[in-house]
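Novice: Here it is, the structure in full.
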Amino acid sequence: MGYSLVLVVLVLYFLLAGLKIDREYQRGIIYRLGRVRRLRGPGLYWIFPGIEQKVQVDLRLRTVNIEPQETVTADSVTIRVNAVLYYRMIDPVKAINSVESYRDAVYQIALTTLRNVIGQNLLDDVLQNRDRINFNVQQIVDEVTEPWGIVIERVEMKDVEIPLSMQRAMAKEAEAVREKRARRIKAEAELEASEKLTAASRMISSSPAALELRRLQMLAEIGTENNTTTVLMLPSDFPVLVNRLADYLGQLPVTSSPVERSNAGVSDQE
């Protein structure tokens with residue numbers, strides 16, 4: 001009876017020791033005498049105790065925070081860049097058997113790739129085309145980690161620190177660009193205004209009544225803004241009469257003066 005009880009206890013212990021449970025995001029790699037046999041999970045399953053061992057892996061999306069590091073751009077500017085990388089395990093057997101520590105391996109390849117890609121781009125490209133640089137880093141790292149059973153989901157640069165002297169130079173350049181844009185807009189506005197004024201002058205010159213209405217409007221504006229100003233009004237026809245008189249006087253024949261006539265008579269008597 002005692003031997004039977006001990007045997008039952010040993011059998012129960014043997015059965016319970018082989019029971020394994022994996023969550024939905026976990027998998028178990030089963031090794032039998034050191035050789036990979038199969039991939040199990042999720043849920044409840046049983047392995048042979050003492051002969052089979054289980055290595056549990058996590059299939060959830062992981063993040064790698066790439067610490068700030070100094071690198072030199074293609075135009076010889078030293079900057080500090082940090083980034084974050086997202087990766088996911090798609091083949092647990094390869095990830096465990098192909099590399100000793102896939103976490104450290106992914107971090108190191110992401111670190112060196114980020115430095116190399118930034119070194120191939122100008123500072124302006126790093127600041128303005130972050131999406132393209134992130135995509136290039138993702139492609140290069142993904143090509144390296146694919147044989148390990150790991151796929152790179154996304155790479156994002158979080159911050160780019162540039163030297164203080166370069167910040168001042170960039171601020172001056174941005175100010176010059178804005179000033180240039182402001183002058184160009186002002187010149188375009190003046191050109192458009194001159195074109196409008198030319199068209200308005202042609203319309204007003206063809207209609208005297210329009211000129212008179214404009215003069216009355218100007219008087220109303222002056223009276224509103226400057227109440228102490230004295231305005232002397234001339235008839236709108238006065239400039240026209242002056243112009244006509246000048247034209248008429250210009251068409252008259254030129255007569256000689258009395259001195260010229262006396263001199264002319266003396267010359268005739270001689």
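Novice: Name the strands (runs of 3 or more DSSP E) wholly inside the range 22-118 in which the number of residues that are of a type in the set (K, R) is 3 or more. Explain how you work it out, then say what you get.
Specialist: On the way: elements: 26-32, 35-40, 43-46, 52-58, 62-72, 78-89.
Passing ranges, in order: 35-40.
Novice: Something else about it: Considering every residue within the range 160-178, establish whether at least one is within 30 Å of T63 (Cβ to Cβ), among the β-branched types (V, I, T) and at pLDDT below 90.
Specialist: yes
Novice: Looking at D125, D142, which one is at pLDDT below 90 and either closer than 22 Å to Q69 by Cα or surrounded by 11 or more Cβ atoms within 10 Å (Cβ to Cβ) (or both)?
Specialist: None of the others qualify; the one that does is D125.
Novice: Among the residues of the range 98-113, is any open to solvent by 80 Å² or more (accessible area, probe 1.4 Å), at pLDDT below 90 and within 30 Å of Q53 (Cα to Cα)? Even if it seems obvious, please write down each step before you answer.
Specialist: Restricting attention to the range 98-113, the residues satisfying the condition of being open to solvent by 80 Å² or more (accessible area, probe 1.4 Å) are 100, 103-104, 108.
From what is left, the residues that are at pLDDT below 90 are 100.
Add one more test, that the residue is within 30 Å of Q53 (Cα to Cα), and what stays is 100.
The answer is yes, given that some residue of the range 98-113 is open to solvent by 80 Å² or more (accessible area, probe 1.4 Å), at pLDDT below 90 and within 30 Å of Q53 (Cα to Cα).
Novice: Please specify each residue of the range 145-170 satisfying the condition of being closer than 30 Å to V93 by Cα and of a type in the set (A, V, I, L, M, F, W, C). Talk me through it step by step, then tell me what you get.
Specialist: Residues of the range 145-170 closer than 30 Å to V93 by Cα: 145-156.
If the condition is that a residue be closer than 30 Å to V93 by Cα and of a type in the set (A, V, I, L, M, F, W, C), then W148, I150, V151, I152, V155 are the ones that fit.
Novice: If a residue must be in contact (Cβ under 8 Å) with a residue 60 or more places away in the chain and hydrophobic (A, V, I, L, M, F, W, C), how many such residues does the range 26-85 contain? Talk me through it step by step, then tell me what you get.
Specialist: Going residue by residue through the range 26-85, those that are in contact (Cβ under 8 Å) with a residue 60 or more places away in the chain are 27, 29, 36, 61, 68, 77-85.
Now narrow it down to the ones that are hydrophobic (A, V, I, L, M, F, W, C): 29, 36, 61, 77, 79, 81, 83-85.
Number satisfying all stated conditions: 9.
Novice: For L127, only one of the following conditions fails: (1) in contact (Cβ under 8 Å) with a residue 40 or more places away in the chain; (2) under 23 Å from the mean Cα position of the chain (by Cα). What is its number?
Specialist: (1)
Novice: Okay, moving on. Take R168 and decide whether it is within 16 Å of A74 (Cβ to Cβ) and either open to solvent by 50 Å² or more (accessible area, probe 1.4 Å) or out of contact with any Asp or Glu (no Cβ under 9 Å at 6 or more places or on another chain) (or both). Reasoning before the result, please.
Specialist: Values: within 16 Å of A74 (Cβ to Cβ): no; either open to solvent by 50 Å² or more (accessible area, probe 1.4 Å) or out of contact with any Asp or Glu (no Cβ under 9 Å at 6 or more places or on another chain) (or both): yes.
In short, no.
Novice: Which of the residues that make up the range 13-54 are surrounded by 13 or more Cβ atoms within 10 Å (Cβ to Cβ), over 52 Å from the mean Cα position of the chain (by Cα) and closer than 19 Å to A95 by Cα?
Specialist: Matches in the range 13-54: R32, Q53.
Novice: Let me ask something else about it. Check R132 against each of (1) modelled with pLDDT under 90; (2) of a type in the set (D, E, K, R); (3) under 19 Å from the mean Cα position of the chain (by Cα) and name the one condition it does not meet.
Specialist: So R132 meets the others, but not (1).
The values are calculated or read from the model by the stated rules, or taken from the named source; none is laboratory data. Only a predicted model underlies this, so the values are computations on that prediction, with no experimental measurement involved. Every residue, glycine as well, gets a Cβ built from its backbone with ideal geometry; the counts of neighbours run over all protein chains shown. We work out accessible area using only protein heavy atoms, side chains counted, and drop any ligands, DNA or RNA first. Shrake-Rupley method; radii C 1.70, N 1.55, O 1.52, S 1.80 Å.
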